Amino acid sequence: MHAHSRLLTLAAAMAMTAANVHAGVFTYTELETLPGGNSNSIGTPELVGPLAAGDTLTITGYIGASSPDFYSFITSEALLLNLTLKEYTNANFIDTFDNGAANGVLGLFNGFNLLTYSSENSDLVDTISSTYTLSLPGTFKTAVAGYSPGISPFDSGGLDTGWYYRLEISATAAPVPESSTLMMMLAGLGATGLVAHRRRQRPAA
């Protein structure tokens, strides 16, 4: 085995080991359901901890006021997120009507509080599922809200209320370019630079 191949194998093994060390399943209950809790503003999100590849965060909450519930998490690596929002009609997390409890909306915000992704349903389905790639580490926020026509789902006031939810965020390492693809990209950049260099050296007519 060449030294370069050994280094790649070692790096892959170390990455897998690190992921296994940090991997975990974490469950949170919305603090707003307790006295003094408030997650109704993007400026006061509930911190649900760091998120690393292999982690799964499960958050249970209640949309009892006409405002979203905001949560924040911190990443130290690029991640592929799988987000699932499940709606329920009662506190035992049972859907007594066998359909969605509300028109749920799920949002993802970056560190500048800018909405980068949102997904909603308009047909009272039970579940919203989506994936999103975080290409850079940082602090991110997710929000759960009830959709109402004509109202921004992440503003307070006038939103659909009175339903329970379970939000699950699972993370895996973001895909990286294959070595062959990366080598082709580098080769292309090198060829482009060589052509530009030769053009600069060509004497003027």
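Brief remarks follow.
- A crude spin-label estimate for the pair Leu47 and Thr172, with each label 7 Å from Cα along the Cβ direction, gives 3.0 nm.
- Fully extending the segment from Ser118 to Asn90, taken as 0.36 nm per residue of separation minus the present Cα-Cα distance, adds 7.6 nm.
Values quoted throughout were computed directly from the atomic coordinates according to the rules given, and no laboratory measurement underlies them. This is a predicted model, so every value here is computed, not measured. Backbone-built Cβ (ideal geometry, glycine too); neighbour counts: all protein chains shown.
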